1. How many nm is it between the label spots at ARG68 and LEU231, if each spot is 7 Å from the Cα in line with the beta carbon?
2. Could you work out the relative contact order of the range 81-227, using alpha carbon pairs under 8 angstrom and six or more residues apart, expressed as a whole percent?
3. With label points built 7 Å along Cα→Cβ from the Cα atoms of GLU60 and LEU164, find their separation and express it in nm.
4. Just grab the label-to-label distance for GLN117 and GLU188, each label 7 Å out from Cα along the Cβ direction, in nm (one decimal).
5. So, for the range 102-227, what is the accessible surface per residue at a probe of 1.4 Å, expressed in square angstrom?
6. Take peptides 235-246, 93-104, 169-180 and line them up by average Cβ neighbours within 10 Å, highest first, as a rough protection proxy.
7. Rank-order 205-211, 147-153 by packing density, defined as the average count of other C-beta atoms within 10 Å over each peptide's residues, highest first.
8. Sort GLU116, GLU53 by accessible area with a 1.4 Å probe, largest first.
Amino acid sequence: MTEVLPLLTGPLIGKSSRTEELNLLYAWPSVPASPSVSSEEQRDLHQISQLRERIEREIEEVKDDIRRMGQECNRQPEHEQLIQHAEREVPTKEAWRSGRMRFSKRPSDGIRYLIEQGLLNAAPEDVAVFLFEGSEILNKAAIGEYIGDGKDFNKDVLRCFVQLHQFKGLDLVNAIRMFLRSFVLPGESQQIDRMIETFAIRYCDCNQEIFSCTDTCYVLSFSIIMLNTGLHNPNVRDKPTVEKFIMMNKGLDNGQDLPQELLMVQDAVIIINCTIVCFHRITMIVLRKTLCLGQRTAVI
């Protein structure tokens, strides 16, 4: 080897650039072996070829490392965005939690706070979606208080809130059950009246073939809630019977009797999940509505 290397490199020094020397050296193994080259010199040339291949592999590994480092540098802004998102997420969650707590105490203040924090749009549709989708975690009594408020904005929220319920294909009892699971009925008769009227309009829109008009659905819905209240309220001693319930709703549909199957609901309403509201108030609402329609009714 000591004799071969000077033979290869010595004459090149001072006569060509370093690049040319390396190219000639790398190209040497591909040159056909001369008959004058000994076996020992061929072995040395083979070792040089292996060394060259190893150096080339190491160069490729270094290039791969450089490429990976470049990719990591390019992804650095993504990491910074994640950190910034996390920094924003923490106060946002705290604001949501504070808003829910305020809503439970004073619903209007809670909604106003969420709007001011930029977490909720000041549109009836958006507020309704917030109440509807959050009905499992929000205070349901507070939801009922808010959508039952007589302000114009709250009335719009109530209409949008009811529109989010899908009653298609449901009988009236199950539709009432679904409706009253999303909030708790407030105590004032005007609020209850407005809520059930909005519910009746939505139910008839979803099931146009059942009732001849929304007033029929409205009065029957009140009657079912009153039946449920009478069955579950311990203060009502004279529990309503099926016969009394049918009698109360005779001639309800524009002077015509409703189909018997619509009135046989006593067993079904036992499992309605709603607040027991004042029996006397609901009775008076039903009486007032049916009298306005010019229909006869009987008091349970």
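The values are calculated or read from the model by the stated rules, or taken from the named source; none is laboratory data. Because the structure is a prediction, the values reported are computed rather than measured. Note that we place each Cβ from the backbone using ideal geometry, even for glycine, and neighbour counts take in every protein chain shown. Note: accessible area is taken over every heavy atom of the protein model, side chains too, but ligands, DNA and RNA are not part of it. Shrake-Rupley method; radii C 1.70, N 1.55, O 1.52, S 1.80 Å.
1. Rounded to a tenth, the inter-label distance reads 7.0 nm.
2. Numbers: 142 pairs, mean separation 26.8, N = 147.
In percent, rounded to a whole number, it is 18.
3. 6.0 nm
4. My value for the distance between the label points is 2.7 nm.
5. Details: 5450 Å² over 126 residues.
Computed with neighbouring chains in place, this is 43 Å² per residue.
6. On the way: 235-246: 13.4, 93-104: 15.4, 169-180: 18.4.
Peptide ranking by packing, descending: 169-180, 93-104, 235-246.
7. Values: 205-211: 13.6, 147-153: 16.1.
Top to bottom by mean Cβ count within 10 Å: 147-153, 205-211.
8. Working: GLU116 135, GLU53 85 Å².
Order by accessible area, largest first: GLU116, GLU53.
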